[in-house]
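The values are calculated or read from the model by the stated rules, or taken from the named source; none is laboratory data. Since we're looking at a predicted model, the values are computed, not measured. Don't worry about glycine lacking a Cβ; one is built from the backbone with ideal geometry, like all the others, and counts go over all protein chains shown.
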Amino acid sequence: MIGYYLFLGFEYFLMLMPRSWRKALFLAIGKLAYLVDKKHRLIIKQNMRFVYGDDVDHKLVDEVSLYGFQSLAMNFLFIVEARHISLEKLQKMITFEGLEHVEKVQQQHRPIVFVTSHYGVWEVGGSAISAFVEPLMFIYKTMKNPYFQDYLLNSRTKFRMNYAERHGALKALIKQMRAKKSTGLLIDTNISRRDGIMVDFLGKSSRQITTPAYLARKMDAALLPVLIYTDDFDNYTVKFFPEIEIAKTDDQSSDIQDATQRATDWLSEQIYKDPRPWFWMHRRWKTDYPEIYKTEA
């Protein structure tokens, strides 16, 4: 509890600073973490060697690593700022692209499963979508510190978000869909062997969750990809992509496999276009290829 109250004191002084100072401070923190955190720099290198081969450009690895640490720092900064930022201020930070894909589904009175990723400053993206486009339900994993968990979840309520804990989340998601409400699901994390199917992700056979495709097929929801982009950590573009349509044949497993693969293909394409914003410091392949994390730098 003491640590939590110390953190609240830090938040208080942080919010007294001009926003440009806070941004500069957290970019510096991100760069410092990049310089001292050898463990996660190694994970980034291991992941990139796995995807691009042993001859991956070292300059690209360094660029991706620095951007990744700084992007993570800016995600944390937004969590702090979100408790204080007005909706008007948030709206000025955001440009939406591809809104016609969302509006088409809304006109059909169907819920949406937004398929997304740990890409860029995803905290900003989720808040912007929920505040201005569609109220969202997100899934969270219980944190060890209940004070910080409440801090995190409560800071988002102003953006019309609601939440379900990961264990038993499917029931909550189905209830959300039946009420014609939407959700956002991440498709880029490592999962256990019992929790997914094999698809091709970044050129590698990888285990992937089927929840987005399952929900969309079962609840007649739209499977709609979305990512957030920024060049300066001040202004953000939330880009919606065309709906991934799901077949409803007599073979449900095949329908879900096909839709899951197409969603994964979309994400792979975006990461190949610009690998910097993706969260490379996560052990994405530790279930299927644990050996890649045993290699040294």
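Assorted remarks:
- Here is the figure for the stretch 242-259: residues that are within 23 Å of Glu100 (Cβ to Cβ) and within 22 Å of the chain's Cα centre (by Cα) total 5.
- Of all positions in the stretch 37-47, at least one carries a residue that is within 25 Å of Ile292 (Cβ to Cβ), touching a Ser or Thr at 6+ places or on another chain (Cβ under 6 Å), surrounded by 17 or more Cβ atoms within 10 Å (Cβ to Cβ) and hydrophobic (A, V, I, L, M, F, W, C).
- Options Ile271, Ile256; residue that is at pLDDT 95 or above, more than 30 Å from Ala179 (Cα to Cα) and part of a helix (DSSP H, G or I): Ile271
- Flag for Arg83 being touching a Ser or Thr at 6+ places or on another chain (Cβ under 6 Å) and modelled with pLDDT under 95: yes
- Candidate set: the stretch 1-36, residues that are in contact with a helix residue (DSSP H, G or I) (Cβ under 7 Å, 6 or more places away or on another chain) and either aliphatic (A, V, I, L, M) or assigned to a loop (DSSP other than H, G, I, E, B) (or both); chosen: the one surrounded by the fewest Cβ atoms within 10 Å (Cβ to Cβ): Met1
- The stretch 274-297, residues that are of a type outside the set (Phe, Trp, Tyr), part of a helix (DSSP H, G or I) and exposed (fewer than 15 other Cβ atoms within 10 Å of the Cβ): Pro290, Glu291, Lys294
- Number of the exception - Thr237 against (1) of a type in the set (Ser, Thr, Tyr); (2) assigned to a strand (DSSP E or B); (3) in contact with a helix residue (DSSP H, G or I) (Cβ under 7 Å, 6 or more places away or on another chain): (3)
- Residue selected from the stretch 202-221 under the condition outside any loop (DSSP other than H, G, I, E, B) and of a type in the set (A, V, I, L, M, F, W, C), by the criterion nearest to Glu269 (Cα to Cα): Ala213
- When the test is whether a residue is free of Cβ contacts under 8 Å to residues at least 60 places away in the same chain and under 23 Å from Phe279 (Cβ atoms), Leu186 does not pass it.
- Counting only residues that are in contact (Cβ under 8 Å) with a residue 60 or more places away in the chain, farther than 23 Å from Asp150 by Cα and not charged (D, E, K, R), the stretch 1-32 holds 1 of them.
- Summed over the stretch 48-95, the residues that are β-branched (Val, Ile, Thr), touching a Lys or Arg at 6+ places or on another chain (Cβ under 7 Å) and surrounded by fewer than 18 Cβ atoms within 10 Å (Cβ to Cβ) give a count of 1.
- The single residue among Ala73, Ala128, Ala172 that is of a type in the set (Gly, Ala, Ser), without any contact (Cβ under 8 Å) to a residue 40 or more places away in the chain and assigned to a helix (DSSP H, G or I) turns out to be Ala172.
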